[in-house]
Structures are given as C-alpha cells and as structure tokens.
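A quick write-up on the structure given underneath.
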Amino acid sequence: MDGTTALGLRMAALFPSASSVAEVVQWFGAMQAQDVNSGLWSFGVRLPGFSLADVEAAVERREAVRTWPMRGTVHFVPPEDAHWMLELMGSRSLAGAAKRRESLGLSEADADRAVDILGSALAGGGRLTRAECLATLAAQGVETGGQRGYHLLWYASQRGVTVIGPHIGKEQSFVLLDEWVPKPRRPSREEALALIALRYFRSHGPATRKDFAGWTGLTMADCKLGIAGAGLQTVDVDGVEMIVAPDPGAPTPSAPASPAPTRSAPDMSGWMALPGFDEYLLGYKDRSLMATSEQLAAIIPGGNGVFQSTLVRDGRVMATWKRSITAKGVTVTVNPLRPFTDKDRRAADDALAVYASYLGLPLTVKNP
C-alpha cells in the first residue's frame, strides 16, 4: 500500500459519517479536548449542519464528558467509559503525582483532603465552576496558589472522583463522576486493552504501534496485548508496518461492541478547516502522511505542543489559520504553507464558511 492510499483510508477513519456527538466520541474512544473550543469544533466539523449550540447541548445531555483519561491530557470520552479509561491509562499519570506534589509543596495528605472536600461540596448533583472549586478548597485551608489549584483539580478527576462538566458561561465546571455516570462500563483489564486498541485503530488506522502507544501512554507490552485481543490486521505502507481494523463496526472476541457510525470516505477533493487540537494530527507520533517537517514546524511553532488550526486539502495540510471572534462576526487570518491558486483561496474560504456557520456569525477572511 502506498502513502496516498493509506492517507485516504486514514481520512475515512478520522471523518466517519455520524449523526450525533455520542456516535463520534464512541467511534474515537477519546478525542483531544485540552482547549474546549477546539474540542467542540472537532465534533462540529464531523457533524455537518450542527451548530456550536447543538454540540454544547449534546455535552449537556452527557453524550460526552471531559476528563484526563491518558497522558495527563484532557479528552472528550464516552461517559460510560470514563471510569475504566482512568483505571487503565490514567493510572500511569497518577503514579507520577507524588513528584509533582513535591515540587508544588503539597503532601499526599493535602491532596487527599482536597479530594474529600470537593467530593462533599459536589455531592447531591452539585456543579461548581473552577473558581468556585478553588474557593471551596481555600475556605477549608487548602493552599491553591500557583499551580497547586490546577494540580488538585486534576488529581480529583484522576482519582475518578470528579469529572469536568459542561461550561458555566465561559468557565470550566466540575461534577461528581459517579453521579454524572451512574452506570459505568466495567470491562476486565484484558477487555479494556482490546477495546481501546479497536477504537484507536478503527478511527486512526492505518497507524503504527508507536502511534498507539503515544496516544494511550500505555507500555508497549500492553499495546501488544490490546492489539492481539482486538484481532487487528497489519498492512505494509511504503515499507512501514501499520495496523488497521478489518471491520470497524464489528465486536471483537474480548471487547464488547459499542454503537458506532458507518465509516465512509469524505470528499477527498474537498477542503476542511480543522481545529488545532484535533485527532487529525494529535492522534499520531508520525505525522508525515499529512504534513512535511517544515509544515509541522509552522503548525507547532517552537515544538511547544500548541497546535495551530489547519486548512486541509486531500488529507494534506495546506495552511494554518487563526480566528478572532466578536459579537459582530469571526475574522480568520490564513497562513498558506503551500502555494495557493485563486481556486484554492475560494475553496479555503468555503471551508472556513462552514466554521462560521457553525458559530452562527458572518465571516471575514484575511489572506496574505
């Protein structure tokens, strides 16, 4: 299989046909969401005709929740899967918490007390903003200055006590995970490894074992167990061994199936305006099928982990873009990374118009 064919399969996996936020997040298993607005647009771009209000309403209905399931990074996940994901993959981040606490001047007793305080404050269906959570901790004598507050909020979610709820206004909120998800899925460890492998490769494949290990934060030994348990297949892509899911919607012998959209190829001749923090690029260690090393340097300036939004044609990055939103409209500045023709500019404008429609705002595009 050559790279162009592999990229076509990968794009079909990354942009499946779907009719709801629940279907999209179940297909992926987990979706990057450290920047909430990027995370919401990751749903919007995969759900033609959905507005920002539609996606926010789906999150309010608990079709997806945000937490730190792996690598200490915020993702949207299916609510019923948050518990086992935290136990399977989040535990690796939790193991390093003691060293972080030491650098912050926090003891394990401080952190555990903070978890207890938040658990009591949120009990009975409570929902508190981030500021309210920190104020609650401070009122009980828990120091939250500097990065301590963020660490304690992360720790409570990493312990499976809290989960990030829908925003209240423009602020992050927290709820109790057990109250928000009263009937979690509880697979065995072997089933969980197979399930996360199936979900990753059906939504990202063809991809390598290193891609999977980088995405989950699992050891290579666990990755091999998951891949074997999911019954996945290997393919050769220009001399590189990659893995695919042979039947994306089918259950595996050791992992229960979950509702998933039909995988159908997008219009590969079309353009898409993607958020910076999207599975399209962040879901891989090797991104060479999508962009050159020079382009990646522009997408991730200084290698600081902050991904710029991208304009993509035929699965390959054509430009980055930045937006400025006011009550009167959205203004987008485009930075081409390949030569643009007049036809390209018109197509890019059309892709950005989809984003503006999602926001329900007039669009102004600034080209160099």
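The values are calculated or read from the model by the stated rules, or taken from the named source; none is laboratory data. This one's a predicted model, so the numbers in the text were calculated from it and none came from an experiment. Cβ placement follows ideal geometry from the backbone for every residue including glycine, while neighbour counts extend to all protein chains displayed. Surface accessibility is based on the protein's heavy atoms, side chains included, excluding ligands, DNA and RNA. Shrake-Rupley method; radii C 1.70, N 1.55, O 1.52, S 1.80 Å.
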Within the P(r) computed for the chain, what percentage of the Cα pairs occupies the region above 40 Å? 14 percent
Rounding to the nearest 20 debye, state how big the charge dipole of the chain is about its Cα centre with +1 on each Lys and Arg Cβ and -1 on each Asp and Glu Cβ. 460 debye
Förster radius 35 Å - calculated FRET efficiency between VAL306 and VAL235 (Cβ-Cβ, nearest 0.05): 0.60
Relative to the longest principal Cα axis of the chain, at what angle does helix 3-14 sit, 0 to 90 degrees, rounded to 10? 50 degrees
Need one number: % antiparallel among DSSP beta bridges in the chain, to the nearest 5. 90 percent
On Cα atoms only, tilt of 189-204 relative to the major axis of the chain in degrees: 30 degrees
Please compare each pair in LYS170/LYS328; LYS99/LYS210; LYS285/LYS322; LYS285/LYS328; LYS99/LYS322; LYS170/LYS322 to a cut-off of 29 Å on the Cα-Cα distance and tell me which ones are over it. LYS285/LYS328; LYS99/LYS322
In degrees from 0 to 90, rounded to the nearest 10, what is the angle of the helix 342-359 Cα long axis to the longest principal axis of the chain? 30 degrees
For region 93-214, give the percent of accessible area contributed by carbon and sulfur heavy atoms, probe 1.4 Å, rounded to a whole number. 49 percent
Quote the relative contact order of the chain in percent (integer), defining contacts as alpha-carbon pairs under 8 Å separated by 6+ residues. 20 percent
With springs only between Cα atoms under 10 Å apart, run a GNM on the chain and tell me which of LEU152, LEU104, LEU176 wobbles the most. LEU104
Give the calculated FRET efficiency between ASP54 and THR341 to the nearest 0.05, with a Förster radius of 30 Å applied to their Cβ-Cβ distance. 0.30
With a cut-off of 8 Å between alpha carbons and a minimum separation of six or more residues, what is the relative contact order of region 130-195 in percent? 21 percent
Nearest-0.05 FRET efficiency for GLU171 and MET220, computed from C-beta distance (R0 35 Å): 0.35
I'd like the Kirkwood hydrodynamic radius of region 49-154, using the inverse of the mean 1/r over distinct C-alpha pairs, in Å. 15.4 Å
Can you find, among LEU289, SER309, VAL244, the residue sitting farthest towards the positive end of the charge dipole of the chain, where Lys and Arg contribute +1 and Asp and Glu -1 at Cβ? SER309
I'd like to check one number: the per residue accessible area of region 1-159, probe 1.4 Å, reported in Å² as a whole number. 37 Å²
